[in-house]
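Working notes for the structure below.
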Amino acid sequence: MVAAASSPNDAPHIPVLLRPLLVACAPVSGRWLDGTFGAGGYTRGLIDDGADVVYGVDRDPLAFDMAAPWVGEYGDKIKLVEGTFSALDTYADDLDGVVLDLGVSSMQLDLAERGFSFMRDGPLDMRMSQSGPSAADIVNNADETALANILYDFGEERASRRIARAIVKARPLNTTLELAAVIESCLPRPKPNQSHPATRSFQAIRIAVNDEYGELAEGLMAAERALKPGGLLAVVSFHSVEDRMVKRFMQERA
């Protein structure tokens, strides 16, 4: 069985769909894997609702630093794994359930030095794993066509060519606010209640930096291999492309 849901922006450190997810997966029991451990909200919720053990997987070392003060309270019920959920079937098998909460977490957005937010000045980083090529590498080294493709394919940004041209002209760009200003200069001033002009572009660059679509495709297949017959896969998505990927995966196995 596969369950999928779409989510608005998460409240800080509290998964907004935790309770609906637990209701949909009830009764929770046995062995689970939380492929996007983050602040630990789903992992704790699963254990509190009856899971015997949860493997908490995350590629961001910060997640485990933040969990250090409380994770010991759960003893052997939580097993932390630093890695990507695309390889989750190498961390555990014969699972009763897998949970994936896609996208960037509030703890990453809140730290300016991680470079995820266009609202806080910081280095152009955006690396969830804190290793490998950064957003600055893409922004300053990709050619105009490649940049435009990233913005359009990953962010569904209709002004992708105009923005890519402006980015190339403004290079080098080193901070989030520098990049946001270039993007804003290419687009009309937003109307009340509209999203920030840089939203789609920052999302697209983050997805490219972290290969999020590739991770999702591989992660869904890894979950299928790791789940026992009748096991549950719960995916919380915000981005429309990810939502379509998950639904297509489900339909092909219906």
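The values are calculated or read from the model by the stated rules, or taken from the named source; none is laboratory data. The structure presented is a predicted model; accordingly, all values stated were derived computationally and were not measured. For neighbour counting, all protein chains shown are included, and Cβ atoms are generated from backbone atoms with ideal geometry for every residue, glycine included. Accessible surface is based on the protein model in full, side chains and every heavy atom, while ligands, DNA and RNA are left aside. Shrake-Rupley method; radii C 1.70, N 1.55, O 1.52, S 1.80 Å.
Values as computed for the structure displayed
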| read-out | value |
| --- | --- |
| Which of 117, 155, 72, positive extreme of dipole for the chain (C-beta unit charges) | 155 |
| Shape category assigned to the stretch 103-252 from the gyration tensor of Cα positions, a/c cut at 1.5 | prolate |
| Distance in nm between pseudo-label sites at residue 52 and residue 221 (7 Å out along the Cβ direction from Cα) | 3.0 nm |
| Net lengthening on full extension, residue 174/residue 110 (0.36 nm per residue, minus Cα-Cα) | 21.2 nm |
| Accessible surface, the stretch 194-254, averaged per residue in Å² (probe 1.4 Å) | 44 Å² |
| The stretch 98-139 shape via C-alpha gyration tensor axes, a/c threshold 1.5 | oblate |
| Furthest towards positive pole of dipole, 192, 177, 227, structure part the chain, Cβ charges | 192 |
| DSSP-loop trypsin sites (Lys or Arg not before Pro) across the stretch 140-184, with at most 12 other Cβ within 10 angstrom | 158 |
| Residue 84 - accessible surface, heavy atoms, 1.4 Å probe, Å² rounded to 10 | 40 Å² |
| Within the accessible area of the chain (1.4 Å probe), percent carbon and sulfur | 52 percent |
| Those aspartates and glutamates that a straight Cα-Cα span of less than 14 Å connects to residue 169, excepting residues fewer than 8 apart in one chain | 143, 144, 178 |
| Simple label model, 7 Å out from Cα along Cβ direction - residue 250 to residue 65, nm | 3.7 nm |
| Counting DSSP beta bridges with both ends in the chain, the antiparallel % (nearest 5) | 10 percent |
